[in-house]
1. Other chains near A:17-24: what is the mean number of their Cβ atoms within 10 Å of each residue's Cβ?
2. Could you quickly flag the chain A residue whose beta carbon comes closest to the rotation axis taking A to B, and that distance in whole angstrom?
3. So what are the three principal axis dimensions of the protein assembly as shown from its Cα atoms, in whole Å, longest to shortest?
4. Give me the one-decimal Kirkwood hydrodynamic radius in Å for chain A, with the sum taken over alpha-carbon pairs.
5. Report the full-extension gain for the segment A:M1 to A:Q54: residue separation times 0.36 nm, less the Cα-Cα distance, to one decimal in nm.
6. Under the convention of a label 7 Å out along Cα→Cβ, give the distances in nm from A:Q4 to the same position in every other copy, shortest first.
There are 2 protein chains.
Amino acid sequence: MKTQAIFYHAGCPVCVAAEQQIADAIDSARFDVEIVHLGETQSRIGEAESVGVQSVPALVIGGQPFHINFGAAIADLK
Amino acid sequence: MKTQAIFYHAGCPVCVAAEQQIADAIDSARFDVEIVHLGETQSRIGEAESVGVQSVPALVIGGQPFHINFGAAIADLK
């Protein structure tokens, strides 16, 4: 079974760079990578916060949040 | 030809988590992932700084630095 990985972003330049380099580098044979734009899908902000995401871009793997550089704070997306 | 990815860390708990989740998730069919412990290999601090690494853990892909969460500042490793 593949491990779930969720990449949260907000369309910012820092986010796009992280998506193109980090999210794209993940092994799709072992991981299901979902890309979520929190600016457009605000209904999922709560889900991101619940696993500890404080800013975007962030990659959640196995339920653990990893903040990658800094694009925007979650609070600023609400 | 594989793309080079270098994961810089300093053995800290935040670094270990990032190595086990992020560095390990990278597709080894497309990327050559090198793991560098800057606390033990201080001679490579300059190389990391030259591509923009300011803290560890950090992943450099295609010459671009991505800081993952925050473990320690490069300045504190010198």
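1. Other-chain Cβ atoms within 10 Å of each residue's Cβ, averaged: 4.
2. In chain A, the Cβ lying nearest the symmetry axis toward B is A:D27, 2.
3. That gives 47, 32, 26 Å along the principal axes, largest extent first.
4. The Cα-based Kirkwood calculation yields 12.2 Å.
5. Details: separation 53, 0.36 × 53 = 19.08 nm, distance 2.83 nm.
Extending this stretch completely gives an extra 16.3 nm.
6. In nanometres, ordered from closest: 3.7.
Just so you know, all these numbers are worked out from the coordinates, no wet-lab data involved. Treat the numbers as computed from the prediction; the structure is a model and nothing was measured. For neighbour counting, all protein chains shown are included, and Cβ atoms are generated from backbone atoms with ideal geometry for every residue, glycine included.
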